[in-house]
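Read through the structure below, which is laid out as structure tokens, and then see the notes.
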């Protein structure tokens, strides 16, 4: 592999260890003048190392590229200044509408963008320029310049990206947050995520392992859950007349998954002799696959449906139909946003930031545990959790009147969805803050009930045993009353009374506390002026 130098005949059997310093220098191409001192062993070692490195590089170039390619490899055309690089148009922008990889112009641009946005392997512009250069040298098609590639990314970010929303809190703090509606819409449009979404509560005989199997979903009224299902171009809504394959007329009341099959609890309906419709005193459980004709089909066949007096039916068609177009499905997505304080520093010094995230509760637990399905919403070093939750609450409530329109990758058609929040996961300190509770170390340590007292009172037999029983639940009306009392006391300038009231009730709210401190300071200033 390595080129060798021809030795003299008398040196053929002589090893390096047997050579003199002059002979070694001669083999390395160095001639020592007679009037100079011979080289030291260290100088000889360095010369040998340099010569070996030169021989190795020459051999590798000749072996891999050949003599004719070695110079071309050394004098590559990699740009020295990427800012001054000429922008090339390696694709026809007019053909973007017909691109198989839309919104990307071609496959090469898509792969480069995916590579440049790997979350665990970030590339610098210099590294991306090297990758683009190698791709061009290897003859890959449609390879853009770095400048054209960055311009394409800016266009994609402006047209397809999720632009943060500027929010001003009630206390005047400015922060930015991602829209939870757009986050969940991307879940629906993602072909890797959409097929795994569960929109209906599920009954199971075994252990509960998924959020949609828990009792919390069952606490919602059927109209607050996903109110319809589709099969082909037919859409069956709850509280609307439908016909089964066996000819029976039914009104579906619920939609539940049982043993992996979507079923409905239905009321039997029939047409009386006078042409009016009535609901029979009979209920059944039928599979969703047994439905044949939807309300639109029956309306086209029978005309206007007239019901007998006092018939237990809701207005038909279902009022929620008004929220979607005729060819759109309507779903309900359960989202559970949570927040917690984290350090914004890489060092050990703690720099508190309040971060807020959300997850899609319609996904199985094995997917929710993946980082891919943890969606960032906002962060701020100045906000409390309640301040960051308020804008998200408004976004969620807005979907009840204006459901989010998006593409459903599972059905390959447009749909709309409503967001509901069955819970706000958090650790104990965060849960206390969300519930306007003073905390677990107070005299009233429970954020759910009114159990508590002084340390001496809690050691008594009666109150101690009450700790292990269900107590009187805290409710919003009582919490609001306590907060109003604290504001009234702060207007009087009595800070000790405010503190005692918070300890005696266990109620303390972060937002209210801002105004309490403001009123106490104002009251103190007014008293100083009167002196």
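The values are calculated or read from the model by the stated rules, or taken from the named source; none is laboratory data. Quick caveat: nothing in here was measured; it's all calculated off a predicted structure. Cβ atoms come from the backbone with ideal geometry, glycine included; neighbour counts cover every protein chain shown.
Tabulated results
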read-out	value
Qualifying residue in the range 315-324 (condition: surrounded by 13 or more Cβ atoms within 10 Å (Cβ to Cβ), over 37 Å from the mean Cα position of the chain (by Cα) and in a loop (DSSP other than H, G, I, E, B))	yes
Residues being at pLDDT below 90, touching a helix residue (DSSP H, G or I) at 6+ places or on another chain (Cβ under 9 Å) and either within 27 Å of residue 453 (Cα to Cα) or not in a helix (DSSP H, G or I) (or both) - total across the range 516-531	0
Test: residue 176 is in contact with a strand residue (DSSP E or B) (Cβ under 9 Å, 6 or more places away or on another chain), loosely packed, with under 14 Cβ neighbours inside 10 Å, touching a residue at least 24 places away in the same chain (Cβ under 8 Å) and not in a helix (DSSP H, G or I)	yes
Filtered residues of the range 81-136 (kept if assigned to a loop (DSSP other than H, G, I, E, B) and modelled with pLDDT under 65)	81, 82, 83, 84, 85, 86, 87, 88, 89, 90, 91, 92
Single match in 363, 367 (criterion: surrounded by 14 or more Cβ atoms within 10 Å (Cβ to Cβ), touching a helix residue (DSSP H, G or I) at 6+ places or on another chain (Cβ under 8 Å) and assigned to a loop (DSSP other than H, G, I, E, B))	363
Residue within the range 390-399 that is more than 21 Å from the chain's Cα centre (by Cα), more than 21 Å from residue 200 (Cβ to Cβ) and outside any strand (DSSP E or B) present	no
Tally of residues being assigned to a helix (DSSP H, G or I) and surrounded by 13 or more Cβ atoms within 10 Å (Cβ to Cβ) across the range 493-508	9
Criterion: exposed (fewer than 13 other Cβ atoms within 10 Å of the Cβ) and in a helix (DSSP H, G or I) - qualifying residue of 170, 157	157
Selected residue (only one of 378, 343 is surrounded by fewer than 17 Cβ atoms within 10 Å (Cβ to Cβ), in contact with a strand residue (DSSP E or B) (Cβ under 9 Å, 6 or more places away or on another chain) and either at pLDDT below 90 or under 25 Å from residue 166 (Cα atoms) (or both))	343
Qualifying residues in the range 220-244 (those that are without any contact (Cβ under 8 Å) to a residue 60 or more places away in the chain and part of a loop (DSSP other than H, G, I, E, B)) - the one nearest to residue 278 (Cα to Cα)	221
